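The values are calculated or read from the model by the stated rules, or taken from the named source; none is laboratory data. As the structure is a prediction and not an experimental result, all values here were calculated from the model. Counting neighbours? That spans all protein chains shown, and the Cβs are built from the backbone with ideal geometry, glycine included. Note: accessible area is taken over every heavy atom of the protein model, side chains too, but ligands, DNA and RNA are not part of it. Shrake-Rupley method; radii C 1.70, N 1.55, O 1.52, S 1.80 Å.
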Amino acid sequence: MSAFSPRVFSGVQPTGNLHLGNYLGAIRKFVALQESQDCIYCVVDLHSITAQLVHEDLKGQIRSITAAFLAAGIDPERHIVFNQSRVCGHAELAWIFNCVARIGWMNRMTQFKDKAGKDRENASLGLLAYPSLMAADILLYRATHVPVGEDQKQHLELTRDIAAKFNNDFSDRIAAAGLGTDISMGEEVVSGYFPLTEPMIEGPATRIMSLKDGSKKMSKSDPSDLSRINLTDDAEQIARKIRKAKTDPDALPSEVAGLAGRAEADNLVGIYAALAERSKAEVLAEFGGRQFSEFKPVLAELAVEKLAPINAEMRRLTDDPGHIDAVLKDGGERAGAIAEKTMADVKEIVGFLQ
């Protein structure tokens, strides 16, 4: 088998409204990547039940995330958009990876420690094992690249560890079945079935912080709606949230070094830079010396200009759930065809009777 064909995979959980941080840190990059890559974008609904089992309207949340994908500019005909639970291979491969991964690997995952807190014994097994499902999400399509934020980088490293152990343990069988690609593992070369997926962390605004606390990441789970700009917010709501965003009494500095120790100021400058697709240095060259009472209205105007069309298209799509469902059904069928081939190969490699 020749080298792995380049393919990008990424997913978003259907929990809460998508916000500005999701858009600038992920979805806008998804849109850009589809111009040069073969992309699969997934609404990872199986992941959504790891921390909260019962949801009031999970179907509505799945449709909302899909609407955001489409409204932002992802093309479901050129690429694949689907929801994870439609393709049984995700759960099937995750079980095999549960047997590949080591408990020690899972115990080291910082996100599990953060989410489980001190009550680890009462956390769901799914919360502990979900990095294994994430690995399955990626490797079911033998994706070579994943756009990730810094907070998911550790999970992608685990994905690489799982792929490496699978390839190493089954190298002879992979080669015998004619399913392998030569992969260097230190000084050794093994016949690998799964790629060692590479992260794609690039560009500005990989971390957008809370509008109420510049030391915390903007989050769907923050109890204060004023802490984030939702993609469903209208122009008035966007402007009000920026107007109320926490700042400090000092004027904007003229150089980036002047933002040190000023988390809220740094965040608002970063948001402007990302929306305008400029550097922080360029923004400060224009606005340095001005007070936030002058800067916030300009930022609000820019945010409305960039987000209002997405908001309007999301509303239009949400009013037509039949169209969204058709997109997900078509994507699920196309994703399922790829996944079915992978699972047939994996079962052959492991030795299951088919």
Expressed as a rounded percentage, what relative contact order does the stretch 248-290 have, with Cα pairs under 8 Å and six or more residues apart? 55 percent
Charged-residue dipole, Cβ positions (Lys, Arg, Asp, Glu), the stretch 287-351 about Cα centre, Debye nearest 20: 260 debye
Solvent-accessible area per residue, Å², over the chain with all protein chains present [probe radius 1.4 Å]: 47 Å²
Met200's amide H: which non-local residues (gap 5+, or another chain) put their own amide H closer than 5 Å, with H modeled 1.01 Å from N in plane and none for Pro or chain starts? Val146, Val148
Amide H neighbours of Gly11 under 5 Å, at least 5 residues apart or on other chains, H built in the peptide plane: list them. Cys42
Scoring the chain by relative contact order with C-alpha pairs under 8 Å, at least six apart, yields a percentage of 23 percent
Share of antiparallel DSSP beta bridges in the chain, in percent to the nearest 5? 35 percent
Selection of GluC sites (Glu not before Pro), the stretch 285-354, meeting DSSP coil and at most 12 other Cβ within 10 Å: none
Using the Kirkwood formula on alpha carbons, the hydrodynamic radius of the stretch 48-148 in angstrom works out to 15.5 Å
Net charge near Gly214: determine it from the other residues with C-beta under 12 Å of the C-beta of Gly214, scoring Lys and Arg +1 and Asp and Glu -1. +2
Using a 1.4 Å probe and counting only protein heavy atoms, arrange Cys88, Cys42 so the residue with the most accessible area comes first. Cys88, Cys42
Rg [Å, one decimal], Dmax [Å, integer] - the chain, C-alpha atoms: 21.8, 71
For Arg108, net neighbour charge (Lys/Arg +1, Asp/Glu -1) across residues whose Cβ lies under 13 Å away: -1
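Out of the GluC sites (Glu not before Pro) in the stretch 66-170, which ones are loop residues according to DSSP with at most 10 other C-beta atoms within 10 Å?
Loop-located and lightly packed - Glu77.
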Computed over the stretch 20-86, the relative contact order (Cα-Cα under 8 Å, seq sep at least six) in percent reads 54 percent
Using a Förster distance of 51 Å, the FRET efficiency for Ser215-Asp325 (Cβ separation, nearest 0.05): 0.80
Nearest 20 debye, what's the magnitude of the dipole of the chain about its Cα centre given +1 on Lys and Arg Cβ and -1 on Asp and Glu Cβ? 660 debye
Within the stretch 224-354, pairs of Lys residues whose Cα atoms are less than 22 angstrom apart, provided they are eight or more positions apart or on distinct chains, add up to 13
Ile201: accessible area at probe 1.4 Å, nearest 10 Å²? 60 Å²
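Within 10 Å of each candidate Cβ there may be at most 15 other Cβ atoms; applying that plus a DSSP loop requirement, which chymotrypsin sites (Phe, Trp or Tyr not before Pro) in the stretch 291-354 survive?
Sparse-neighbourhood loop chymotrypsin sites (Phe, Trp or Tyr not before Pro): Phe352.
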Just the accessible area for Met134, please: 1.4 Å probe, Å², rounded to the nearest 10? 30 Å²
So what's the gap between the Cα centers of the stretch 132-146 and the stretch 256-308, to the nearest angstrom? 36 Å
Charge tally for neighbours of Arg240 with beta carbon under 15 Å away, counting Lys, Arg as +1 and Asp, Glu as -1, is +2
For the chain, the longest principal axis of the Cα atoms and the Cα long axis of helix 125-139 enclose an angle in degrees, to the nearest 10, of 80 degrees
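Where the accessible area of the stretch 162-298 is counted over protein heavy atoms with a 1.4 Å probe, how much of it, in %, is carbon and sulfur?
47 percent
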Compute the Rg/Rh shape ratio of the stretch 181-278: radius of gyration over Kirkwood radius, all on alpha-carbon atoms. 1.22
Given a 1.4 Å probe and every protein chain left where it sits, what share in percent of the accessible area of the stretch 1-139 is carbon and sulfur? 52 percent
